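A short reminder: the numbers here are calculations on the coordinates, not readings from a lab. Keep in mind the model is a prediction, meaning the values are calculated, not measured. No Cβ is skipped: glycine too gets one built from the backbone with ideal geometry, and neighbour counts run over all protein chains shown.
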Amino acid sequence: MDLNLDFKGKDQEQLGGELLMSLFENLHMAEQETSEFFGGLVGITAEDFLNLPIDEAIGIIKLLMSQPGIADFFKRAGQLTK
């Protein structure tokens, strides 16, 4: 999945929004892995995550994005792929 996020001059909320959009645009490329990851955050299976109403799935992703330091994590992770 190619996450080309521009971190300059953006706050965590803006970056979270961009990440959400990029994840949804590319979900088909890593659906099982992504679902396992997000489901694992809240203790459910990938299948259960895939069957959640969209509002609940987005809520889980937003919960991740609200964690302190998450923007820095994704910034550093993005640098590893360059």
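Overview of values
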{"quantity": "Table column - 3J(HN,Hα) (Hz), region 35-41, Karplus curve with 6.51, -1.76, 1.60, x for Gly and Pro", "calculated": "5, 5, 4, 5, x, x, 5"}
{"quantity": "Rel. contact order, % - alpha carbon contacts under 8 angstrom, at least six apart, the chain", "calculated": "30"}
{"quantity": "Globularity index of region 11-82, i.e. its alpha-carbon radius of gyration over 2.2 N^0.38 Å", "calculated": "1.10"}
{"quantity": "Estimated vicinal HN-Hα couplings, Hz - region 50-58 in sequence order (Karplus 6.51, -1.76, 1.60; Gly, Pro = x)", "calculated": "5, 8, 5, x, 4, 4, 5, 4, 5"}
{"quantity": "In nm, spacing of pseudo-spin labels at residue 79 and residue 48 (7 Å Cα→C-beta vector)", "calculated": "3.7"}
{"quantity": "Eligible aspartates and glutamates near residue 75 by straight Cα distance, threshold 18 Å, same-chain separation 8 or greater", "calculated": "2, 6, 11, 13, 18"}
